[in-house]
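Written out below as structure tokens is the structure these notes cover.
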Amino acid sequence: MNSGIADFLGIGIPAVVAGMLLLGLMVQRELGPFAGLGPGGKWLLSGALGMGLLAFVLKIGVAVALSSHPESTVDRLTRNGLVPPAMPDDGRGFANPMPPRPRQYVWETLPGQAPEPADNPSNPAKVALGRRLFEERRLSGDGTLSCASCHDLDAQAGGDGRPTALGIAGQTGPRNVPTVWNAAFQAVLFWDGRAPSLEAQARGPILNPIEMGLASPAEAERRLAADPTYRAQFVQAFGDETIVFERIVQAIAAFERTLIAADTPYDRFVRGDAGALTPAQRRGMALFESVGCVLCHRGPNFSDASLLGGEDALRYFPATPTRYDSKYPLLVDGKPGVWRVPSLRNVALTGPWLHNGSVDRLDEVVRIMAGAQLGRSGELLTWLDADRSLDRIDRSPLGEAQVADLVAFLEALSSDRLRAKAAAGARRPSRPS
């Protein structure tokens with residue numbers, strides 16, 4: 001018990017005792033006889049008048065409990081957000097009008113190696129096999145498509161540059177192709193997050209009838225087993241020449257875990273190169289945190305669906321109605337969709353954007369996300385039940401200068417080597433149209 005509480009009890013307890021005695025004497029000798037009360041009435045009057053003293057005693061008890069066990073009372077309530085932490089003094093005798101954040105956002109760089117599952121450990125031979133399989137057209141129904149057909153690792157930074165995927169026999173898929181660069185750091189894959197691993201993701205497109213359209217896993221096994229060079233590579237990668245579909249997707253996943261691009265201006269800046277970012281990019285970096293982008297795009301892979309610091313992989317989008325809903329048909333059957341939070345690394349190189357690839361300007365994507373996900377579309381009215389009043393909060397759209405700075409920061413998330421390859425137009429052989 002601290003000295004302040006001890007001093008308080010030293011005064012409070014004698015005061016309560018004295019008050020009770022004084023109250024009892026007043027009721028028994030003066031107020032009771034004056035009002036003509038019998039013994040029962042006097043005790044009832046004493047109890048009624050003593051309620052104030054009883055409340056004071058309860059307050060003393062609460063104060064003692066809070067002071068004696070702060071770790072299980074005040075501290076716990078503060079950590080849970082039920083009691084706001086004390087606002088710091090600004091040095092001029094005024095408290096900061098905004099409560100401090102529970103913790104300061106920490107900017108992190110991307111590791112050079114991705115985590116791998118225990119049942120699919122990597123080795124150089126498996127990675128080499130996976131690279132070959134990533135480009136293998138025999139894994140498609142008509143022999144015209146491979147994983148690389150939609151995931152151009154050079155010119156399109158792991159995407160295909162189209163609004164939505166182009167599959168077998170010219171079929172068009174409903175979703176924009178996500179990049180495979182840094183996908184190894186994501187906890188769930190596909191726009192709807194249905195794949196919990198790279199292995200699960202790799203098996204999907206091969207068998208999908210509107211993507212690569214292969215008839216069955218057995219057909220993939222049959223085609224590869226007919227090639228003696230594949231049998232030799234499977235021996236090196238897995239220890240024997242058995243070719244099964246599970247090993248095919250494991251090898252592809254092992255290769256994809258090597259697709260890490262952390263050579264960005266942002267990474268250099270966080271590692272200590274103060275000149276890596278331009279002034280506009282530094283302003284954009286500050287805005288990225290202050291306007292709330294980090295609520296969904298947090299951690300070193302800039303995604304809440306990441307294995308590194310991710311918490312909630314999926315989000316409703318658009319969460320707030322805006323004029324963009326119909327302009328870029330963002331709704332699915334008239335309702336917001338539930339999508340995985342994509343990584344923003346290399347985002348400037350992987351347009352067009354959003355789940356339906358409907359937006360071909362990055363600055364417009366920033367405006368859409370600010371309005372749809374952060375409510376930056378005008379004045380926000382909040383009903384306050386206790387006061388029975390409306391609270392008006394300014395949620396005006398981002399200014400053009402702010403949008404430009406945020407775009408500049410997003411460009412700083414691009415890999416230097418992927419940017420150079422895209423600028424040089426380096427492209428793998430195109431597939432038949």
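The values are calculated or read from the model by the stated rules, or taken from the named source; none is laboratory data. Quantities reported herein were computed from a predicted structural model and do not represent experimental measurements. Cβ placement follows ideal geometry from the backbone for every residue including glycine, while neighbour counts extend to all protein chains displayed. The protein model used for the area step is the full one, side chains on, heavy atoms only, and it has no ligands, DNA or RNA in it. Shrake-Rupley method; radii C 1.70, N 1.55, O 1.52, S 1.80 Å.
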Any chance you could check the Cα centroid distance between segment 113-150 and segment 193-262 for me, in angstrom?
-> 6 Å
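What percentage of the solvent-accessible surface of segment 193-310, computed with a 1.4 Å probe over protein heavy atoms, is contributed by carbon and sulfur atoms?
Working: 2700 of 4670 Å².
Carbon and sulfur: 58 percent of the exposed surface of segment 193-310.
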Cα point-scatterer Debye curve for segment 178-221, base-10 log of I(q)/I(0) at q = 0.15, 0.23, 0.30, 0.32 Å⁻¹ | -0.40, -0.82, -1.06, -1.12
Segment 133-220, accessible area per residue, ligands and nucleic acids excluded (1.4 Å, Å²) = 35 Å²
Given R₀ = 51 Å, FRET efficiency for ASP273-ALA200 by Cβ-Cβ distance, to 0.05?
-> 0.85
At most 11 other Cβ atoms within 10 Å and a DSSP loop assignment: could you name the trypsin sites (Lys or Arg not before Pro) in segment 226-308 that fit?
-> ARG271
